[in-house]
Amino acid sequence: MQQTKGKSVRGILWSAIDRIAAQAIQFVISILLARILLPEDFAAIAIVLVFINILQTINESGFGIALIQNQQRDESDLSTVYYFNIALGLILYLLLFLVAPLLSAFFDQDLTLLLRLIGLNLVSTSFIVVHRALLVIRIDFKTQAKATTIGVLVSGIMGVTAAWMGLGVYALVLQSVVNNLLSSFLLWYYTRWRPQASFSKERFRIIFRFAYKLLLARLINDVFQNLYTVIIGKFFPLKQVGYYNRAVSFQYLSTNLITQIVQRVSVPVLCEQQNDRQQMQQTHLRFMLVAAIVVFPLLFGLFVLAEPLILVLLTAKWLPVAYMLQILCPVGILFVINTFNLNIFNATGRTDLALKVEVYKKILMVVLILVSLRIGFMALLYSQIVVALVEVLFNTYYSRKLIGLGLFTQLRFLMPVFLSSTVMALVIWGISMFISSDGWLLMLGSFTGVVVYGALIYVSNTGNLRTQIRESMNQLKQ
C-alpha cells in the first residue's frame with residue numbers, strides 16, 4: 001500500500017510537470033499567436049481539429065487502455081497493437097485526404113489543404129500508442145514530460161515566427177504538425193521499447209473484445225464534445241467559432257489540464273485495485289479531491305476575472321470570449337466529477353456499461369442541442385451546463401452500482417473545496433468594486449484569491465492537506 005502511494009505521489013508530480021510545463025509554454029504561445037492572428041484563423045483550425053481529434057480517438061482504438069487494464073499483457077500483445085495502430089493510422093489519413101473537399105463544401109470554407117496537412121498527425125501519433133501505454137503502466141511521466149515539453153517549445157517558436165512573417169492560419173498548421181512529429185519521435189526514442197516481428201490474430205481478437213466497446217464509448221463522447229464547434233461553424237458566423245475556441249482553451253487549461261494530470265495516474269492505480277471495492281472507493285475519492293482542490297478555485301476565479309483577463313492578455317478584439325468563458329466555468333466543475341467516475345468503468349473492465357451510458361447521455365444531448373439551436377446562440381452555450389449535469393447523474397449512478405460510491409457521498413467529500421472556492425470568489429468580487437484598471441484588478445484579484453483560498457484550505461486541513469504537503473516534499477527530496 002505504501003509503495004503504491006509513493007508511486008502515486010511521484011506519478012502526480014511528474015504528470016503535473018509534464019502537463020503544466022507543456023501547457024504553460026503552449027499558453028504563452030497561444031497568447032502571442034492570438035495577438036497576431038485573427039479570430040477567423042483560429043476558427044478554421046478549430047473546425048479542422050474537430051475531425052482530426054475524432055480520427056485520433058479511432059486511431060488509438062481503446063487499445064492503449066486495454067493494455068493498461070490487462071495485468072497479464074506480454075510482448076505479443078504489445079507488438080500486435082503496435083502494428084495494428086500504424087496500419088490504422090495510414091488508413092485514416094488516406095480517408096481524411098479523400099473526404100477533405102467534401103468537408104470544405106459542408107462548411108463553405110476552404111479547409112481542404114488544412115485538413116490534409118494537419119491530418120499528418122494521425123500518422124505520426126500512430127507509432128506511439130504502445131509507448132504511451134507502457135509509460136502509463138510504469139507511472140513514468142518523467143519521460144513524457146521531456147518529450148512533450150521539447151515538442152511544444154520547438155513547435156511554438158516556429159509557429160510564432162511563421163505568424164510574424166504573415167503566414168496566417170498556416171502558422172497554426174506548422175505548429176501542430178511539428179509538435180506531434182517531434183514529440184512522437186522523442187517518446188518512441190526515450191521509451192526504449194521496440195516491437196517484435198510478429199502479429200497475433202488471437203491476441204488481437206482478445207484485446208479487441210475489450211477495446212471496441214471502450215472505443216465506441218469514447219468515440220461517441222468525442223463526437224458530441226466537438227459537436228458544439230461543428231454547429232457553431234455551420235450555423236453562425238465563423239468568428240464565433242474563434243471566440244468559442246479561445247474560451248474552451250482557457251477552460252481546458254484550468255480544468256481538463258489539471259484533471260488529466262491526476263487522472264492519468266489514477267487509471268493504473270485503480271486497475272491494480274480492481275478486485276478490492278473498498279480500496280477503489282478510497283482511491284477514487286482521494287484522486288478526485290486532489291484535482292478539485294486545484295480546479296475549483298481556478299474556475300471560480302476565472303468566472304469573476306474573465307473580462308479583465310481577456311482584455312489584458314488577448315486585447316479588446318477577443319472580448320466576447322469573456323462571457324463564453326463564464327458560461328463554461330460550471331461545466332468545468334462538473335467535468336472533474338464526470339472524468340473520475342468514467343475511470344471506474346475502465347478499471348472494472350465494464351466497457352459495455354461505458355458504451356451504454358454514453359448512448360443514453362448523447363441521445364438526451366442531441367435533444368437539448370436541437371431545442372437550444374432554435375432559441376439562439378446563448379441558449380446553445382447554456383445547454384452545455386445541462387448536458388454536464390445529466391452526465392454527472394448517469395455516471396455516478398453506475399459508480400454506485402460498480403463500487404458503491406454514489407453522487408451524494410462524492411459531493412459531501414468535495415463540499416469543503418467548493419465552499420472555500422466560493423468564499424474566495426466573493427472576496428475577489430468585492431475587490432473588483434473598487435478597482436477600475438483591468439491590469440491591476442487581474443493582478444490584485446489573482447493574488448488575493450490565492451492567499452484567501454490557500455489560507456482557508458490550510459486552516460480547515462481540507463483533504464488532510466498538511467500531511468499531503470509534508471509527504472510531497474519528502475518525495476521531491478527523494
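Things worth noting here:
- Extension gain for ASN275-PHE408 works out to 45.5 nm (0.36 nm per residue, less the C-alpha to C-alpha distance).
- Gyration tensor (alpha-carbon) shape descriptor, segment 92-241, a/c threshold 1.5: oblate
- Extension gain, ILE36 to GLU75: 0.36 nm times the residue separation minus the Cα-Cα distance gives 9.2 nm.
- Projecting label points 7 angstrom from Cα along Cα→Cβ for ASP110 and PHE418 puts them 5.1 nm apart.
- Estimated FRET transfer efficiency when R0 is 60 angstrom, pair VAL371-THR448 (beta carbons, to 0.05): 0.90
- Projected label distance in nm at LEU426 and GLU202, using a 7 Å step from Cα toward the beta-carbon: 6.6 nm
- Our helix-only sum for the chain, with -39,500 (n - 2.57) per DSSP H run of n ≥ 4 divided by its residues, gives a mean residue ellipticity at 222 nm of -30000 deg cm²/dmol.
- Counting only aspartates and glutamates at least 8 places from LYS361 when in the same chain, those with an alpha carbon closer than 16 Å to its own are ASP222, ASP352, GLU391.
- Set against the 2.2 N^0.38 Å expectation for a compact globular protein, the chain has a Cα radius of gyration ratio of 0.96.
- Length available on full extension from THR161 to LEU393: 0.36 nm per residue minus the Cα-Cα distance, which gives 78.9 nm.
- Order of THR112, THR255 - criterion: other Cβ atoms within 10 Å of each residue's Cβ, fewest first: THR112, THR255
- Cβ-to-Cβ counts within 10 Å put MET280, MET433, MET415 in ascending order as MET433, MET415, MET280, the fewest first.
- The mean of 1/r over all pairs of different alpha-carbon atoms in segment 309-456, once inverted, gives a Kirkwood hydrodynamic radius of 18.0 Å.
Only the coordinates and a few stated rules stand behind these numbers; no lab work does. Just so we're clear, the structure is a prediction, and the values are computed from it rather than from any experiment. A quick note on method: Cβ atoms are made from the backbone with ideal geometry, for glycine too, and the neighbour counts reach across all protein chains shown.
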